[in-house]
Amino acid sequence: MFARHLMDHKNSFTDTLIFLGDDLTLCEIEITDGEDIFVWNGVEVGGIQIPTGSDCEPLLLNVLHVATSSEGEECQQFIESPHVFPSNAEIGTVFTALAVPEGVILINNTESRDEENWTTIPKEDLKKTFREQGLRNGSSVLIQGSHDGNSLLTKQGKWINTVNEINWLQVKNLSQLESEEEQVKISATLNTVVFDIRIKAIKEFKLLKELAENSCLRPIDKNGKLLCPVPDSYTLKEAGLKMGSSLGLCPGKAPTSSQLFLFFALGSDVHPGTEMEITVEETVSVRTCLKIMLDKCGLTGDTWHLRKMNWCFEAGEPLCEEDAKLNELMICSGDTLLLIEGKLPPLGFLTVPIWWYQPRGPLHHWKDHQDQTNCTLSQGGVWKASSTPGAPSDAHAEVSLWYLGDLEISEDATLGELKSQAMTLPSLEFSIPSPAFLRAWTVESKRPGRLLRAHQQQLKEYKLGKRTEICLEPLQKEENLGPWDVLLRTQMRLPGERAYGPPVDVLWDTARGWTAGSLRQRVADVYSLPVEKIEIAKYFPEKFAWLPVSSWNQQTTKRKKKKKQDNLQGAPYYLKDGDTIGVKNLLVEDNDDFSTVRDDIGREKQKELALGKRKSREALRAQSSDVFSGAETPARARGPEASLSIHVRSFR
């Protein structure tokens, strides 16, 4: 199962999920370069099984428990955090989920915080499910130690909001200067200025007064990481700090309103806590910021560039505009930049990896190679020719791609100019008459993807993106593809054998439509056969399957007869450039089988793989059944079944 998470301009998830079918290509569902895809096997995520079905519908609960100090003692401060549980899980699993000792659980299903009424769950009811206790999304769960009793509740059962009663912050001494206390509590309100808290902390720690001129307060997150320094002029409310938060008294001044505090790291494999820190003016250029970071790392040279770490802690797009100011690129305090080795191309240029694509089958021969040959590439990147006189070709042999090198080229250059520059790469030692003898494809999933057809079209009009790779295919003669031409690989089935002859490139003019009849006529003309004496089928290599292409006229429905759209671009064929079309001559062979021995082997392997996955899922379910064995709920009676009619319009 594939799900695409659409992102808004703030890199936060929207509510939209698009579930993709197995028969669609990424181009057909408009997946763009750099988009995020979530792939799920329907059973587990990260090795953890995710139960499915209405009985284990997830519940989002607000869980509160008493915080503990660094010495392990309980404080009069509550930690409130959202947690998701299956509705058929036992309530007692809350202790395990939060890794807290078993105690007393109180639940509250009211919506108003001012009128909360907490109910204690008896110990014998901890094995009941969340659903059986009436909990729903937004319900609150309070965990207390068994010795606390009702000390945090009033006699009427009304909740005392101890969070509002907290009027202090905890400050730790991280100034590298010794003090009598490691941490102190500073009384404050939400309107207290950060500067006052810092000065009070210095006095409480009995540190040197000089530290007042060269120190700052930095929030400490739940993992112990120091966050951005808080400006002295901010109030706690403006800084977004809550009462009871932990702060660190650290050396160094907090950034001013015109400065940025940034984390940065070397390389893309960043481990938490290994980032370095820097304070720069928000108006400095990317180039200057890069130089400052290199100096701090003790590195030199101009073969480095910066990338901003994205929301999933991976290297994002490079900061290409080296003369742009940081604030113009929406760089904010607290962002993490990554120092990546490799020089960026100038603005308006692309660095395009170039591959050589040699299709299996008939050889693309040149003037000095009039016989049919196969080309292979040695380790040094030199093409060699070896004779293979007309051996039967496998329609779905592995694609052969060889890396030639990178091209740095302007976005304003044409496709023809890219081919010309590729012909000058040192690793390409095979003679090519002219760029017109090369066919260009984008590389997708290590195989040719989109055909780049217009020789004089500028690269920027193809919207290639910064990560696009291109493969070049040698041709026997010059080629000039029109906007309506579709390139297909046809292969004639060998009579009496489950194999095919060498592929033949066929250009199909679709100006009058993508109809099955038009394609059958074009293929018949290529092989000089009557159209009624051939059968054709599209090959799906990922399924090891052939789908016969036949003309259809009408589709009968219960309501009326209507003309079905005859368009091979749509389901179930999704025909596109580069697809393989099998051709059968009915004059010498009259059966419905298009498959080969290799297809049989491939399908058998897929069945074995699917069987192994199913057994693995069953084993996971068996292992997790103990966890949820006490959480089963009675099956609900099914309602009467009703017929459903869905009409989907075609917008092609």
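The values are calculated or read from the model by the stated rules, or taken from the named source; none is laboratory data. The structure presented is a predicted model; accordingly, all values stated were derived computationally and were not measured. Because the Cβ atoms are built from the backbone with ideal geometry, glycine has one as well, and the counts that use them run over all protein chains shown. In case anyone asks, the SASA skips ligands and DNA or RNA and just uses the protein heavy atoms, side chains included. Shrake-Rupley method; radii C 1.70, N 1.55, O 1.52, S 1.80 Å.
Take every Cα pair under 8 Å in the stretch 402-455 that's 6+ residues apart, average their separations, divide by the length, and report that relative contact order as a whole percent.
Dividing the mean separation by the residue count of the stretch 402-455 yields 31 percent.
Quick check: net charge around Thr288, other residues with Cβ under 15 Å of its Cβ, Lys/Arg +1 and Asp/Glu -1?
-4
For Lys291, Lys222, Lys128, what's the largest-to-smallest order of accessible area, 1.4 Å probe?
Lys222, Lys291, Lys128
Going down the table (Lys296/Lys343; Lys576/Lys615; Lys225/Lys308; Lys343/Lys463), which pairs top 31 Å between alpha carbons?
Listed pairs above 31 Å: Lys576/Lys615.
Using a 1.4 Å probe and counting only protein heavy atoms, arrange Arg453, Arg439, Arg598 so the residue with the most accessible area comes first.
Sorted by accessible area, descending: Arg598, Arg453, Arg439.
Given +1 on the Cβ of Lys and Arg, -1 on the Cβ of Asp and Glu, and no further charges, what dipole in debye does the stretch 436-500 carry about its Cα centre, rounded to the nearest 20?
Taking the Cα centre of the stretch 436-500 as origin, the dipole is about 300 debye.
Could you tell me which of the pairs Lys172/Lys253; Lys222/Lys466; Lys538/Lys607 are separated by over 26 angstrom between their Cα atoms in the structure shown?
Violating the 26 Å Cα-Cα cut-off are Lys222/Lys466.
Once amide H atoms are built 1.01 Å from N in the peptide plane, which residues 5 or more positions from Trp304, or in another chain, come under 5 Å H to H?
Under 5 Å from the amide H of Trp304: Gly342.
For the pair Asn310 and Lys460, how long in nm is the line joining their label points, each one 7 Å along Cα→Cβ?
Label-label distance for Asn310 and Lys460, simple model: 2.4 nm.
Using only the heavy atoms of the protein chains and a 1.4 Å probe, how would Ile37, Ile340, Ile202 rank by accessible area, largest first?
Greatest to least solvent exposure: Ile37, Ile340, Ile202.
Sum up the charges of everything whose Cβ sits under 12 Å from the Cβ of Glu204, counting Lys and Arg as +1 and Asp and Glu as -1, but leave Glu204 out.
Charge balance in the 12 Å sphere: +3.
At Glu478 and Asn585, where each label point lies 7 Å from the Cα along Cα→Cβ, what is the point-to-point distance in nanometres?
For Glu478 paired with Asn585, the spin-label model returns 3.3 nm.
Determine the distance separating the Cα centre of the stretch 314-332 from the Cα centre of the stretch 579-595; give it in Å without decimals.
One Cα centre to the other: 56 Å.
What share of Cα pairs, in percent, lie more than 18 angstrom apart in the stretch 169-307?
When all Cα pairs of the stretch 169-307 are counted, 60 percent exceed 18 Å.
Provide the net charge surrounding Thr303, with neighbours chosen by a C-beta distance below 12 Å and charges set as Lys +1, Arg +1, Asp -1, Glu -1.
In short, -1.
Considering the stretch 218-278, what Rg and Dmax in Å follow from its alpha-carbon atoms?
Rg then Dmax for the stretch 218-278, in Å: 12.8, 37.
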